[in-house]
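Inspection log for the structure reproduced underneath, given as C-alpha cells.
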Amino acid sequence: SFRMRMLATAPMRTLVRRGFLGPAPLAPMAADLWRGSIPSQHVTTFLFSHRRNLSREAQQAPNKVKLIWAGLDFTAGLPATQTLRPDWTYLAVASSGIRDAIERERPDVVVPLMTRMDASLIAHAAAHGVRLIHQFGAGLEGVDVEAANAAGVPVANIPAAGAGTGNAVATAEHAVYLLLGLLRQAVAIEGKVGERRLGGPVGNTLQGKTVLLVGFGAIGHALTPILRAFGARVTAFRHAHDRAWARQDEALVDAHGSFHPEPGGIGGSERLIEMAAEAEVMIVCCPLTDETRGLVDSKVLSALVGPPR
C-alpha cells in the first residue's frame, strides 16, 4: 500500500532517495525516514505516494538533472536556485507553455510557482519523465497532490518552519507591512501626497488593537512577537489536530480556540465567530485545504469589530 510521509526540506535540496541530487546534509534524516523511525507528525512537507526507486542513471549523474521553472513570477528565485545547484540545467517557461515544454524537454523537476497543476497536467508530466514537483515556497494550493500521489510523482515545498528557509519570518513581516498599510490607508495617503496635500487621511494605530490569527503554525508564531511589539493584543484560532493547546503556545496569546472538520461542516466555528467579535484585525495564516475551505465566511467577517480588515 502507498505510504505518505513528510520531510522538511531546504530550497531545491529535496532528497527523494539518498544520492538522487548529489551530496546533501539531510541524508541521515532521509535514511531514518525510509526506515520509518521518524514519526510522520514530527516532520513536514515532503509528500510521496510510495518508496519509489529512481533510475541508476539519475543517482550516478546528478549533474544531468533538468528543472523547469513554470512561470515568469518570483524572478529572484531562479538565480537563487541556480546558485545552490549550478550543475543542473534550467529552463524558465511561461505558464501558458508549460505542457509543451514538459513534452519537449522531459524535465526531472517542475517548480510550479503560480501555475495550476491539475490532474491532467500532472499525468502529462509523469508520462514525460517528471520525477518531482517542488514548489518555491510553502503554498501547494495549486497542485493536485492526490493526483500526483496516484501518478507516483513526489510533491514537496519549502516549509515555513524549515530550518534556514526564512519563510515564516518573511511572510510574517510582509503581513505586518500590509496591515500597517491598511490601517494607515497608505494608498490614499500616496494620492494626497501627489496632490501636495499633507495630513490626511487620518489612519489608525496598531497599538491597542486585538489581532486574531486564524492559524497558529510557524507563521502565526513568527507574527505574535512582532504584533506584541506594536502593542497589540493577540488571539489565535487553529486546527485542533486531535490535541489540546500546548501550554507554551497558550502562554503566547491572550485567548485561543480550535476547530475540527466534521461531516457537513466545521466543528468549532462558533468559537471563531466569538473571537472575531472581539478583534479589529484578522490575519489568515493557515493553508487553504479541504478542511479549512469556508472557515472564514461572511459570518466571521461580519463579526469583526468595525470594518473588516
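Every read-out reported here was derived from the displayed coordinates using simple, explicitly stated rules and does not represent laboratory data. Note that this is a predicted model, so its numbers are computed, not measured. Every residue, glycine among them, receives a Cβ derived from its backbone with ideal geometry; neighbour counts consider all protein chains shown.
Please figure out what share of the DSSP beta bridges in the stretch 200-309 is antiparallel and state it in percent, rounded to the nearest 5.
That works out to approximately 20 percent antiparallel.
Distant-in-sequence amide contacts of residue 282, defined by a placed amide H-H separation under 5 Å and a gap of 5 or more residues or a different chain, comprise 212, 309.
Within the shell defined by Cβ-Cβ distances under 11 Å, the residues around residue 95 carry a net charge of +1, with Lys and Arg each +1 and Asp and Glu each -1.
The value for the stretch 152-247 of Rg(Cα) / (2.2 N^0.38 Å) is 1.42.
Taken over the C-alpha atoms, the stretch 181-309 has Rg and Dmax values of 16.7, 57 angstrom. Straight-line cross-link partners of residue 192 among the lysines, defined as a Cα under 29 Å from its Cα and at least 8 positions apart when in the same chain: 209. Counting charges near residue 108 (Lys, Arg +1; Asp, Glu -1) among other residues having Cβ under 9 Å from its Cβ returns a value of +4. For the stretch 189-265, GluC sites (Glu not before Pro) meeting the loop criterion (DSSP other than H, G, I, E, B) and having at most 14 other Cβ atoms within 10 Å: 195. Annotation: aspartates and glutamates with alpha-carbon distance below 13 angstrom to residue 64 (same-chain offsets under eight excluded): 87, 105, 108.
Under 5 Å between amide hydrogens, built in the peptide plane, is the criterion, and for residue 256 it picks out 236 among residues at least 5 positions away or on other chains. Net charge in the neighbourhood of residue 294 (other residues with Cβ under 15 Å of its Cβ; Lys, Arg +1, Asp, Glu -1) is -4.
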